[in-house]
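These notes concern the structure reproduced below.
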Amino acid sequence: GAVVSQHPSWVICKSGTSVKIECRSLDFQATTMFWYRQFPKQSLMLMATSNEGSKATYEQGVEKDKFLINHASLTLSTLTVTSAHPEDSSFYICSADWQGQETQYFGPGTRLLVL
Amino acid sequence: AQKVTQAQTEISVVEKEDVTLDCVYETRDTTYYLFWYKQPPSGELVFLIRRNSFDEQNEISGRYSWNFQKSTSSFNFTITASQVVDSAVYFCALREDDSNYQLIWGAGTKLIIKP
């Protein structure tokens, strides 16, 4: 149990395009999902907390118009990087909180390279 | 102030040696959760253990064991008879009771197991 999928795993795009990343909890419902960004050799940096059916809560310094988050169902959250630029290149990871287990389970991550 | 401290940036041992990864946390909450996650080179974070603040029993799972001591605010992780496949970055994390399920992450410890 506790499987979280994330697609795509790799994406290369041109500067100015938008990229959508999907995060799904496959065998449990997740009222709350999280989006992280991780730079090489660093810890995880929380970008936003996504609650099903409501607007995401963004961490300080994260542009909500640039990183659009939608959590339309209890098993799916999406992150759209709009008008991507090379500085947006990073490793993006989602997690889903399994209530009752009080534990976040993580997707395999998406490596984004913006040329 | 750092709430989760993993003072060991990198540890290198030879296969079959035992190794302990330290984690010291800080919180004023009486109810909280502590976690360990493993991040192998592939990038996916793998959940290892969750411990709540009311359960100070040590836990053993195969070659892995965890020592939770509230008196010293520590939650250390020991790998016995290490194997090359244990090579990864290990993160300790804290979830406070009123945190909207967010995790506070340590900086991570990179563990290198040499054959």
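Every number in this text was worked out from the coordinates using simple rules, so none of it is lab data. As the structure is a prediction and not an experimental result, all values here were calculated from the model. Please note: Cβ atoms are built from the backbone with ideal geometry, for glycine as well, and neighbour counts cover all protein chains shown.
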_Looking at chain A only, what percent of DSSP beta bridges run antiparallel? Nearest 5 please._
90
*In whole angstrom, note down how far apart the Cα centers of region A:93-115 and region B:26-98 are.*
18
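Where Rh is the Kirkwood radius over the Cα pairs of region B:7-59, the temperature 20 °C and the viscosity 1.002 mPa s, what D in µm²/s does Stokes-Einstein return?
Working: Rh = 13.7 Å.
Diffusion coefficient, whole number: 156 µm²/s.
I need the semi-axes of the equivalent ellipsoid of region A:1-106: take the C-alpha gyration tensor, multiply each eigenvalue by 5, square-root it, list largest first in whole angstrom. Before the final figure, lay out each step's value.
Working: eigenvalues 101, 40, 36 Å².
Ellipsoid half-lengths, sorted descending, are 22, 14, 13 Å.
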_Among B:Leu45, B:Leu21, B:Leu34, which one shows the highest mean-square fluctuation when chain B is modelled as a Gaussian network with alpha-carbon springs under 10 Å?_
B:Leu45
*At what distance in nm do the modelled label points of A:Thr82 and B:Glu56 sit from each other, each positioned 7 Å from its Cα along Cα→Cβ?*
5.2
*Across peptide A:39-49, how many C-beta atoms of other chains are within 10 Å of each residue C-beta, on average?*
3
*Considering every residue in B:101-114, what mean count of other chain Cβ atoms within 10 Å of its Cβ is obtained?*
3
*Starting from the exponent 0.38 and prefactor 2.2 Å, build the expected Rg for chain B from its residue count and divide its actual Cα Rg by it.*
1.03
*Which of the trypsin sites (Lys or Arg not before Pro) found in region B:1-45 are loop residues per DSSP with 10 or fewer other Cβ atoms within 10 Å of their Cβ?*
B:Arg28
*Zone of B:Gln83 (label point 7 Å along Cα→Cβ, backbone N under 13 Å): which residues in region A:1-18?*
none
*Using packing as a proxy for protection, rank A:59-69, B:78-88 so that the peptide with the highest average count of other Cβ atoms within 10 Å comes first.*
B:78-88, A:59-69
*Just the number, please: Stokes-Einstein D of the protein assembly as shown in µm²/s, Kirkwood Rh from C-alpha pairs, 20 °C, 1.002 mPa s.*
117
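Tell me, what is the percent relative contact order of region B:27-71, built from C-alpha pairs under 8 Å that lie six or more residues apart? Can you show the working numbers first?
Values: 48 pairs, mean separation 13.1, N = 45.
Reported as a whole number, the value is 29 percent.
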_How would A:Ser50, B:Ser74 line up from fewest to most surrounding beta-carbon atoms within 10 angstrom?_
B:Ser74, A:Ser50
*Identify which of A:Leu74, A:Leu46, A:Leu26 has the largest mean-square fluctuation in a Gaussian network model of chain A, with springs joining Cα atoms closer than 10 Å.*
A:Leu26
